[in-house]
Amino acid sequence: MRINFIDETGVHHTFDGVAGDTVMRCATEHAVAGIIGECGGAMACATCHGYLAEPWFSMLPPPSTQEREMLSGCIGLKANSRLTCQIQLEDRLDGITVEVPNSQV
Amino acid sequence: MDAIAPLMPGVDFAYDEVTNLHELIEELRGHGPVVPVKYLGSPVWLILDHALLDRAFNDLEHFDPGDGYRIISSPSMGRTLQVMAGEEHRVSRAAVSALFLPLKVRSYVEALIEPIAHELMDRIAGQREVEFVQGFARPFPFTVITRLLGIPVSDEALLLEWAVKLIDFPWDPEGALRAKAGFDAYMQGILDDRRRRPNGDFVSMLADAEFEGRKLDDDRIMGFFRLLFPAGSDTTYKNAGSLFACVLGDPAIREMARGSDKDREKIVAEGLRWQAPTALLPRMSTGDTMLGGVHIKKGEWLLFGITAANSDPKVFPEPRKFDPSRDNRALISFGRGPHFCLGMHLARRELETALRVVLERYPDIRLTPGKTVEYVGGVLRGPRELWVQPYGAA
């Protein structure tokens, strides 16, 4: 399955994702600038914030209370904000597109 | 474990200054990714490998931090996030985490962190030479915490005395418990006051904090207050010392530090990697397991080799080179997993602000020529002293 990241300058980067991996893991493995994921995916650092494009955003299960709390403290929160460590890749999400924020901090 | 002889029996990683820690680590790496060394006079397992340390931080079945902290710190520190596990930890942490998220921490920079940095810079005005660890690095993060807690300036010295003693339980149990009594009585007064008259400050927000409908009781809030000092002050000051030693010691990095916020973020990340303030983190195993080819039994002690993992050449090429341009996403200085350092954003903003303000106020500041910088400590690590000349050669 394919996964797309749009960096802060608007450039698209496309990679092959592995079902079961998280979007955050895919980003850090491919050194996508701007997604850090410092705690390793425990919803404890708020450094993997990203904006999910449609139709994928609406296809995802809604964020947990804990993810919503963490998101509320992120810079540049938008309606389609998610912590990318909480998004598991699956085949039906092929083409999922994530816009990287200007800054996590 | 007793039957296993430690490598380097002449070195005790708890008691010795280990000025050559990184050389020792490179030598130990030749013996395997997890090796026996001496700590507090006894053999313990030291994890050197980045991937294994990442795994251990995330493996709460075998390496839950609670059991170890209950032994070394609970009597004087009380019920902190470090000893909580599972649901209790998740809920208590979530209740306070809003105070430490990026958006909130950004607001502390202008309101709190910057004025304190300037205040400390005022104090060294006119001096030809200053010992920078005591003159700035140490009081800076400490004062950020006391001001966050609304403690009057006149009581800061008292708080410092208690804060230093609170974590001294393994060495001075009576002193630590006396400090706890004094600290608790004092802070309970502030907490009670904010409960009666909330004013929107940090303590008021903490008193009111809730997650999934649950608020923190006084016991947990007091535990949290106590934890702020060792977790947020001792670590940050050690790293601030190391950071300034590196920045002032290299003209190119110093020039970069005068650049943009992003430049300073990179320099601070590299400083946190190059000389992690919590170099080796003691932990007790909570279940039998195999790690890196060795069998670790329940109840045995380990050292989580944070500074070793940060210099693992498989992850960080040329690891002992201070290179702010490297990709530091794999940095492990703040741990991993659900117990990941709550104050990470605050620590980084403090260090970045310190770089900016110090170089703005004293553009010619330099390390005093002829005085060498020695890094000391196996657990908490930073420069013993850092002599600087605020006005350069003038």
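Could you tell me whether B:Thr353 is in a helix (DSSP H, G or I) and of a type in the set (Val, Ile, Thr)?
Taking the combined requirement at face value, the residue satisfies it.
Going by the structure shown, is B:Arg226 under 24 Å from the mean Cα position of the chain (by Cα), assigned to a helix (DSSP H, G or I) and surrounded by fewer than 21 Cβ atoms within 10 Å (Cβ to Cβ)?
no
What number of residues in region B:365-394 are under 17 Å from B:Phe136 (Cβ atoms) and among the β-branched types (Val, Ile, Thr)?
Residues that pass the stated criteria total 4.
Tally the residues that are away from every other protein chain (no Cβ under 14 Å) and open to solvent by 10 Å² or more (accessible area, probe 1.4 Å), restricting the search to region A:87-105.
Result for region A:87-105: 7.
Farther than 30 Å from B:Glu110 by Cβ, crowded, with 24+ Cβ neighbours inside 10 Å and more than 12 Å from every other protein chain (Cβ to nearest Cβ): which single residue out of B:Ala354, B:Ala309 fits that description?
Unique residue meeting the criteria: B:Ala309.
Identify, from the list B:Ala98, B:Ala94, B:Ala111, the residue that is small (Gly, Ala, Ser), in a helix (DSSP H, G or I) and away from chain A (no Cβ under 11 Å).
It is B:Ala111.
Please name all residue pairs, on different chains or six or more residues apart, with Cβ atoms under 8 Å, provided the first residue is in region A:58-82 and is away from chain B (no Cβ under 13 Å) and the second residue is part of a loop (DSSP other than H, G, I, E, B).
Note: pairs meeting the criteria are A:Leu60/A:Ile87; A:Asn80/A:Ala53; A:Asn80/A:Glu54; A:Arg82/A:Leu60; A:Arg82/A:Pro63.
Just the residues that are open to solvent by less than 10 Å² (accessible area, probe 1.4 Å) and within 14 Å of chain A (Cβ to nearest Cβ), please, taken from region B:32-58.
Selection gives B:Leu53, B:Ala56.
Name every residue in region B:18-65 that is in a loop (DSSP other than H, G, I, E, B) and either farther than 17 Å from B:Glu300 by Cβ or hydrophobic (A, V, I, L, M, F, W, C) (or both), in order of residue number.
B:Val18, B:Thr19, B:Asn20, B:Gly30, B:His31, B:Leu40, B:Leu48, B:Asp49
What number of residues within region B:66-79 satisfy the criterion of being touching a helix residue (DSSP H, G or I) at 6+ places or on another chain (Cβ under 8 Å), open to solvent by 20 Å² or more (accessible area, probe 1.4 Å) and part of a helix (DSSP H, G or I)?
Adding up the residues that qualify gives 2.
Does any residue in region B:9-26 that is of a type in the set (A, V, I, L, M) come within less than 6 Å, Cβ to Cβ, of a residue that is in a helix (DSSP H, G or I) and open to solvent by 60 Å² or more (accessible area, probe 1.4 Å) six or more places away or on a different chain, and which pairs are these?
none
What number of residues in region B:80-91 are away from every other protein chain (no Cβ under 11 Å) and surrounded by fewer than 19 Cβ atoms within 10 Å (Cβ to Cβ)?
The number of residues fulfilling the criteria is 4.
Of all residues being of a type in the set (Lys, Arg) and assigned to a helix (DSSP H, G or I) in region B:114-153, which is farthest from the other protein chains (Cβ to nearest Cβ)? Just the residue, please.
Per the criteria, the residue is B:Arg123.
Of B:Arg147, B:Arg123, which residue is basic (Lys, Arg) and more than 30 Å from B:Asp219 (Cβ to Cβ)?
Step by step, each of B:Arg147, B:Arg123 is checked, and only B:Arg123 is basic (Lys, Arg) and more than 30 Å from B:Asp219 (Cβ to Cβ).
I need a count of the residues in region B:166-179 that are in a helix (DSSP H, G or I), open to solvent by less than 50 Å² (accessible area, probe 1.4 Å) and out of contact with any Asp or Glu (no Cβ under 7 Å at 6 or more places or on another chain).
Number of matching residues: 2.
Which one of the conditions (1) assigned to a loop (DSSP other than H, G, I, E, B); (2) in contact (Cβ under 8 Å) with a residue 12 or more places away in the chain; (3) under 28 Å from B:Val105 (Cβ atoms) does B:Leu160 fail to meet, given that it meets all the rest?
The single condition B:Leu160 does not satisfy is (1).
Within region B:247-258, count every residue that is farther than 11 Å from B:Leu386 by Cα, of a type outside the set (Val, Ile, Thr) and not in a loop (DSSP other than H, G, I, E, B).
Matching residues across region B:247-258 total 6.
Can we say B:Arg106 is within 14 Å of chain A (Cβ to nearest Cβ) and within 19 Å of the chain's Cα centre (by Cα)?
Considered against the rule, which asks whether it is within 14 Å of chain A (Cβ to nearest Cβ) and within 19 Å of the chain's Cα centre (by Cα), B:Arg106 comes out as no.
Would you mind finding the one in A:Gly41, A:Gly10, A:Gly37 that is open to solvent by less than 50 Å² (accessible area, probe 1.4 Å) and more than 13 Å from chain B (Cβ to nearest Cβ)?
Answer to the selection: A:Gly10.
Test of understanding: among B:Val130, B:Val96, which residue is in contact with a strand residue (DSSP E or B) (Cβ under 6 Å, 6 or more places away or on another chain), at negative phi and buried (at least 18 other Cβ atoms within 10 Å of the Cβ)?
Testing whether each residue is in contact with a strand residue (DSSP E or B) (Cβ under 6 Å, 6 or more places away or on another chain), at negative phi and buried (at least 18 other Cβ atoms within 10 Å of the Cβ) leaves just B:Val130.
In this structure, is A:Asp21 among the acidic types (Asp, Glu), touching a residue at least 12 places away in the same chain (Cβ under 8 Å) and open to solvent by 60 Å² or more (accessible area, probe 1.4 Å)?
No, not satisfied.
The values are calculated or read from the model by the stated rules, or taken from the named source; none is laboratory data. Keep in mind the model is a prediction, meaning the values are calculated, not measured. Methodologically, a virtual Cβ is constructed for each residue, glycine included, from the backbone with ideal geometry; neighbour enumeration extends over all protein chains shown. Accessible surface is based on the protein model in full, side chains and every heavy atom, while ligands, DNA and RNA are left aside. Shrake-Rupley method; radii C 1.70, N 1.55, O 1.52, S 1.80 Å.
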